[in-house]
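Structure, as structure tokens:
Quick note: the coordinates plus some simple rules give every number you see, no bench work behind them. All values reported here derive from a predicted model rather than from experimental measurement. So basically every Cβ, Gly included, is an ideal-geometry build from the backbone, and we count neighbours across all protein chains shown.
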There are 2 protein chains.
Amino acid sequence: MAERASHRAAPEHAHPDDVPVQTALAALADPVRVTLVRELADSAEWTRSCGSFDVPVGKAALSHHFAVLRGAGLVEQRDEGPKRVNRLRREEFETRFPGLLDLVLREDPTH
Amino acid sequence: MAERASHRAAPEHAHPDDVPVQTALAALADPVRVTLVRELADSAEWTRSCGSFDVPVGKAALSHHFAVLRGAGLVEQRDEGPKRVNRLRREEFETRFPGLLDLVLREDPTH
DNA sequence: GGGAGTGTATGGTTTTCATCGAACAGTCGG
DNA sequence: CCGACTGTTCGATGAAAACCATACACTCCC
């Protein structure tokens, strides 16, 4: 038998190489999205579902933010049962935008 | 005699060290402002007045954009006669946000 | 001091974006 | 197959930001 693929539409991803700088900067200019990226950076890959993040927005807005992050080449998603798990595209993003992710992740708390 | 200072209010500047990452990213997420920064990078310091830039906005909006750039620690301004001349704060900004300015300036035309 | 040139401030319009509530679609376990 | 769970989509709302036209302030030169 053919393997049982998900009947759900796979999320559309943009590879960092295809992302304009403007798009990347705009994606990282939102505090909620930065929180998502930071928490993701502190977690093992493919371990965090979309709903597992501590952000003060409803799930509709959350879904939107993840779409923006995908479109900026920052996050990759995969369906795992009923959940959609995430991975930060560290290396690919670093190659396309050297230093940018580090700037956001290493923000000194005094700022 | 006391020297003849300008009777005009000096523009308020933010030093890059006091600027949050969010502010810097938001400032660089606008295409008009990026154009200003790029043209400024290609000119000698203190040689470009505000009105000398080729951007498709009125002078009111232009004035606003320069205020944002000042607030992000990207641009320094000085009054010179009736004109207000500009300077890109390359080194200071680079020290505070390593690599960020280069990312914006070296944007590959294929993107 | 009048007038041209340059930039800022103000008020109002338009656009963009983040957000929510509710409805919907897919997955899994009983 | 039903119900709980997860996430997306849709429509609407509110806030933020970009923009313009106008009016104003300052500088310089004649």
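Laid out as a table, the results:
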quantity: Calculated label separations, B:Pro31, copies of the chain, 7 Å along the beta-carbon direction, nm; calculated: 2.9
quantity: At 7 Å out from Cα toward Cβ: B:His13 inter-copy label distances (nm, ascending); calculated: 4.5
quantity: Proximal charge balance of B:His65 [Cβ under 14 Å; K/R count +1, D/E count -1]; calculated: +3
quantity: Lys, Arg +1 and Asp, Glu -1 on Cβ, resulting dipole of chain B about Cα centre, debye, nearest 20; calculated: 420 debye
quantity: Paramagnetic label zone (point 7 Å from Cα along Cα-to-C-beta, A:Ala10; backbone N under 18 Å) in region A:72-92; calculated: A:72-89
quantity: Across the identical copies, how the A:Thr47 labels are spaced - nm, sorted shortest first, 7 Å along Cα→Cβ; calculated: 5.4
quantity: Long-range amide H partners of B:Ala29 with built H, under 5 Å; calculated: none
quantity: The protein assembly as shown - Rg and Dmax from Cα coordinates, angstrom; calculated: 21.1, 96
quantity: Sparse-neighbourhood loop sites, GluC sites (Glu not before Pro) in region B:1-57 - DSSP loop, at most 16 other Cβ within 10 angstrom; calculated: B:Glu3, B:Glu12, B:Glu45
quantity: Net dipole in debye of the protein assembly as shown [+1 Lys, Arg Cβ; -1 Asp, Glu Cβ; about Cα centre; nearest 20]; calculated: 620 debye
quantity: Semi-axis lengths, Å, region B:44-111, gyration tensor of Cα atoms, sqrt of 5 times eigenvalues; calculated: 22, 16, 11
quantity: 11 Å beta-carbon shell around B:Thr95, net charge (K/R +1, D/E -1); calculated: -1
quantity: GluC sites (Glu not before Pro) restricted to DSSP loop in region A:57-97 with at most 15 other C-beta within 10 Å; calculated: none
quantity: Normalised convex hull volume, region B:1-77, alpha-carbon set, Å³ per residue; calculated: 119 Å³
quantity: Loop chymotrypsin sites (Phe, Trp or Tyr not before Pro), region A:34-111 (other Cβ atoms within 10 Å of the site Cβ: 15 or fewer; DSSP); calculated: A:Trp46
